[in-house]
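Report on the structure given below.
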Amino acid sequence: MAKNNRQAGAVYEQKAAGYLAGKGYRILEQNFYSRFGEIDIIAKDGRYLVFIEVKYRRDTSCGDPLEAVTAKKQKKICRAAFCYCGKNGYGDRVPCRFDVVAITGGEDGITHIKNAFDFQM
C-alpha cells in the first residue's frame with residue numbers, strides 16, 4: 001500500500017475509533033499486527049472483545065466498502081484475533097465479536113455492522 005493510502009487509512013481509522021468511542025466502546029488498541037494479518041481496531045463493548053475492520057471509499061463508484069471485507073480478509077482477521085487473544089491472556093470466557101465500520105465520503109457516511117461475520121480459521 002502506498003504511503004498516501006496508508007496515511008488516509010490512518011485518518012479514517014481514527015474517525016472510526018472516535019465514532020465507536022462515542023457509542024461507548026473502550027478502544028484497547030489500534031493497528032494490531034501479527035504474522036497472520038492486521039486488525040484495525042480492538043475494543044471492548046460491554047462484555048465483548050470486539051475486533052473491528054475499517055474500510056473507506058470516497059464514493060461507491062468502485063463498490064461499497066463493505067464488499068471489500070471478503071472471506072479471505074475475514075479469515076486473516078480471525079487468525080490475527082486468535083493470536084491477539086493468546087498473546088493477551090483472553091481465554092474462552094471472553095466473548096468475541098467481529099464488526100465492520102464502512103466510511104463512504106465523510107463522517108456522515110459511516111455504517112457500523114455489529115457481528116458482521118463469524119469466527120473462522
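What follows is calculated from the coordinates using simple rules that are stated; it is not laboratory data. The model shown is predicted, which means the values in this text are computed figures rather than measured ones. Note that we place each Cβ from the backbone using ideal geometry, even for glycine, and neighbour counts take in every protein chain shown.
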Could you calculate the FRET efficiency of K44 with E67 from 1/(1 + (r/R0)^6), where r is the beta carbon distance between them and R0 is 30 Å, rounded to 0.05? 0.60
Over 18 Å between C-alpha atoms is what I'm after, so list which of K55/K76; K55/K114; K23/K114; K15/K72; K23/K72; K15/K55 land there. K15/K72; K23/K72
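Apply 1/(1 + (r/R0)^6) to the Cβ-Cβ distance of I113 and K87, taking R0 = 30 Å, and write down the FRET efficiency to the nearest 0.05.
Calculated transfer efficiency: 0.70.
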Mean Cβ-within-10 Å packing, highest first, puts peptides 70-83, 19-32 in the order 70-83, 19-32
Distance (nanometres) between label positions extended 7 Å along Cα→Cβ at Y33 and Y19: 2.5
Residue by residue through the stretch 36-51, what is 3J(HN,Hα) from phi via Karplus (6.51 cos²θ - 1.76 cosθ + 1.60, θ = phi - 60°)? Round to whole Hz and write x for glycine and proline. 8, x, 10, 10, 5, 9, 10, 9, 10, 10, x, 8, 8, 8, 10, 9
Between V94 and A10, what FRET efficiency follows from the Cβ-Cβ distance if R0 is 30 Å, with the result rounded to 0.05? 0.60
